[in-house]
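Shown next, in structure tokens, is the structure this report addresses.
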Ligand code: SF4
Ligand code: SF4
């Protein structure tokens with residue numbers, strides 16, 4: 001039976017804390033969105049990890065803590081942070097590039113870490129390594145196998161660009177073989193290196209390319225028992241537009257203390273909050289949240305302002321479709 005994807009609306013009371021604990025990384029992926037000028041080069045201390053997490057702990061709500069970098073396993077205190085996050089009531093995920101530094105598999109446990117997420121941008125070295133680096137595929141796959149053997153729940157993130165869209169269907173047998181439980185298909189955004197460099201090969205796929213491929217692959221993976229999540233991107237005319245900045249609680253924390261509510265804004269100094277002296281301070285003046293309530297015919301206001309090339313118009317200047325919030329997901333499986 002063919003499964004159908006459902007749109008996952010923003011759930012009141014659910015919070016996602018995306019915690020970039022450093023920006024250092026051993027890799028140099030072509031689409032990396034880390035922007036050290038805007039996000040800092042610091043590595044947070046053990047005390048800061050603990051104090052900053054506590055700012056977002058709320059036992060009344062379901063809260064997800066996602067540790068990111070850079071490469072978060074480069075931080076020697078990540079095992080401490082994972083354990084502390086669990087004690088504070090978070091559901092804990094680490095997003096790794098697959099190198100798993102500092103013996104992370106041995107120094108933490110599936111009791112504290114709910115999901116270990118790996119990034120892979122191809123089903124083989126020939127597709128993945130030109131994007132993520134020489135030898136990355138083999139290292140990542142070997143470490144997925146080690147993690148699964150040790151009882152960790154493993155998820156995988158695939159960032160779709162023109163360079164690897166065609167190879168996406170071949171991910172399904174690989175995911176099944178590796179016993180990956182969740183598959184996240186991301187769309188390459190305009191943030192970071194992909195936006196700054198004139199790199200057409202790695203550029204965003206078109207609306208038609210996305211619609212022709214991604215839902216079908218998601219359905220194939222779901223039929224193998226894998227839970228698949230992918231961004232909604234395009235809204236049908238009868239679908240409601242909602243901005244996560246107003247309807248949900250997402251926080252994107254960077255080591256220089258900037259805290260954003262919208263990931264599209266991360267390349268600009270318009271963060272809604274800043275962590276100062278271990279306090280979460282609301283920024284005054286024009287910030288990202290000044291824009292969230294603006295109603296535009298194109299859907300997401302930040303997408304219209306920052307990546308207008310993604311929108312198509314008819315001859316009267318009416319948008320052909322609206323762009324959803326980049327945080328709105330489809331789920332299947
Ligand atoms: S692994 Fe992540 S942080 Fe490191 S270069 Fe690649 S995209 Fe950037
Ligand atoms: S991506 Fe657009 S709709 Fe989503 S939070 Fe940002 S501004 Fe709001």
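Just so you know, all these numbers are worked out from the coordinates, no wet-lab data involved. These numbers were taken from a predicted model, which means no experiment stands behind them. No Cβ is skipped: glycine too gets one built from the backbone with ideal geometry, and neighbour counts run over all protein chains shown.
As a rough guide to protection, the peptides 82-88, 163-169 ranked by mean Cβ packing within 10 Å, highest first, stand as 82-88, 163-169.
Most tightly packed first, judged by the mean number of other beta-carbon atoms within 10 Å of their residues, the peptides 308-320, 271-283, 253-265 read 253-265, 271-283, 308-320. Sorting the segments 26-35, 238-247, 110-119 by their residues' average number of neighbouring beta-carbon atoms within 10 angstrom, most packed first, yields 110-119, 26-35, 238-247.
Relative contact order of segment 237-328, taken over Cα pairs closer than 8 Å and 6 or more residues apart, is 25 percent.
The Cα atoms of the chain cover 60, 50, 39 Å along the three principal axes, with the biggest extent listed first. Expressed as a fraction of 2.2 N^0.38 Å, the value expected for a compact globular protein of N residues, the C-alpha radius of gyration of segment 14-170 is 1.04. Using R0 = 30 Å, the C-beta based FRET efficiency linking residue 124 and residue 14 works out to 0.25.
Output the relative contact order of segment 1-120, whole-number percent, from Cα pairs under 8 angstrom with separation of 6+ residues.
Relative contact order, segment 1-120: 27 percent.
Here r is the Cβ-Cβ distance between residue 240 and residue 103 and R0 is 41 Å; the resulting FRET efficiency, rounded to 0.05, is 0.30. FRET efficiency for the pair residue 223 and residue 320, taken as 1/(1 + (r/R0)^6) with r the Cβ-Cβ distance and R0 = 41 Å, rounds to 0.85. Sort segment 209-333 into rounded, prolate or oblate with this rule: let a ≥ b ≥ c be the square roots of the eigenvalues of the Cα gyration tensor; rounded if a/c is under 1.5, and if a/c is not under 1.5, prolate when a/b is larger than b/c, oblate otherwise. It is oblate, given that a/c is not under 1.5 and a/b is not larger than b/c.
Classification of segment 68-141 by its C-alpha gyration tensor yields a prolate form. The axis ratio a/c (a ≥ b ≥ c) is 1.5 or more, and a/b outweighs b/c. Taking label points 7 Å from Cα along the Cα-to-Cβ direction, residue 276 and residue 149 give a separation of 5.1 nm.
Find the relative contact order for the chain and round it to a whole percent, using C-alpha pairs within less than 8 Å whose residues are 6+ positions apart.
The normalised contact order for the chain reaches 21 percent.
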